[in-house]
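Report on the following structure.
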Amino acid sequence: MKLLITGFDPFGGEKTNPAIEAVKRLPAAIAGATVVPLEIPTVFGTCAEVVRQAIITERPDVVLSVGQADGRSALTPERIAINLDDGRIPDNAGFQPVDQPIQPNGPAAYFTQLPVKAMAQAIRQVGLPSHVSTTAGTYVCNHIMYQVQHLRATEFPQLQAGFIHIPFLPEQVVQRSGVPSLSLTDDVRGLTAAIRAIVIARAD
């Protein structure tokens, strides 16, 4: 079994992004499954092209995308991606869509195939906060979740895919009073637990 785990590069003026930093530090194998890390750009459209090419090259069984969620205090597996791009800030290419469909002829939403409740429970079992989220927002995180689901629906029916948000790193909130954060070590522990839950669920 092979999992493609994607993480975004820094955006919005940040010097780092916990998503790609955690993804780069994941073990090469988890519960006997191969883990393939992939950095993707925080750019509408382009991020999906990069992931599509990686799916063709790597032929993974699962794609799990990871993104930063400012203000969240827990690791949150996402249940739903909606067909909407609405950027609160420009992406890294300077593009800021407003109320645009991701796929004009696509469905209003896609549900993940991943065991989000089991993932959240596995994260909590290693002592970290986690709960299932029903909104991946309308920025590039939701965009890639929707696009990978659309790729699954139109090109790669054998694929399972999903998304998980993780909090800021402590160094990102030094000037942000009251904003929660989580250490990179804990991010890696939590993601490892979530991936283990995915592998176990597929084996059952």
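Starting from the range 58-140, pick out the chymotrypsin sites (Phe, Trp or Tyr not before Pro) whose DSSP state is loop and whose Cβ has at most 16 other Cβ atoms within 10 Å.
Those satisfying the criteria are PHE95.
Under the rule that an exposed site lies in a DSSP loop and has at most 15 other Cβ atoms within 10 Å, name the longest stretch of the chain with no trypsin sites (Lys or Arg not before Pro) of that kind, not counting the sites themselves.
Longest stretch, sites excluded: 89-175.
Please label the shape of the range 120-204 as rounded, prolate or oblate, based on the square roots a ≥ b ≥ c of the eigenvalues of the alpha-carbon gyration tensor (a/c under 1.5 means rounded; beyond that, a/b larger than b/c means prolate, else oblate).
oblate
So what's Rg/Rh here for the range 52-204, counting alpha carbon atoms and using the Kirkwood radius for Rh? Could you put the intermediate results ahead of the total?
Numbers: Rg = 15.8 Å, Rh = 16.2 Å.
For the range 52-204, the value is 0.97.
Specify which residue in the list PRO101, GLN68, ILE89 is farthest towards the positive end of the charge dipole of the chain, using unit charges on the beta carbon of Lys, Arg (+1) and Asp, Glu (-1), about the Cα centre.
Of PRO101, GLN68, ILE89, it is GLN68.
Quick check: the distance between the Cα centres of the range 134-204 and the range 53-122, to the nearest angstrom?
With the range 134-204 and the range 53-122 each reduced to a Cα centre, they are spaced 8 Å.
Check GLN113: other-chain or 5+ apart residues with amide H under 5 Å from its amide H, H built from backbone geometry?
Long-range HN contacts for GLN113: ALA161.
To the nearest 20 debye, what charge dipole does the chain have about its Cα centre, counting +1 at the Cβ of each Lys and Arg and -1 at the Cβ of each Asp and Glu?
Using only the charged Cβ atoms, the result is roughly 580 debye.
Which order do ILE200, ILE30 fall in if you start with the one that has the fewest other Cβ atoms within 10 Å?
On the way: ILE200 14, ILE30 21.
Neighbour counts put them in this order, fewest first: ILE200, ILE30.
If you take the charge dipole of the range 14-166 about its Cα centre, with +1 on Lys and Arg Cβ and -1 on Asp and Glu Cβ, which of HIS150, ALA122, ALA28 is farthest toward its positive end?
Result: ALA122.
What is the list of residues in the range 128-163 whose amide nitrogen lies under 19 Å from a point 7 angstrom out from the Cα of GLN100, following Cα to Cβ?
Flagged as within label range: 137-151.
Here, each number is a calculation from the coordinates, and none is a lab measurement. In this text the structure is predicted, and so the values were computed from the model without any measurement. Virtual Cβ from ideal backbone geometry, glycine too; neighbours counted across all protein chains shown.
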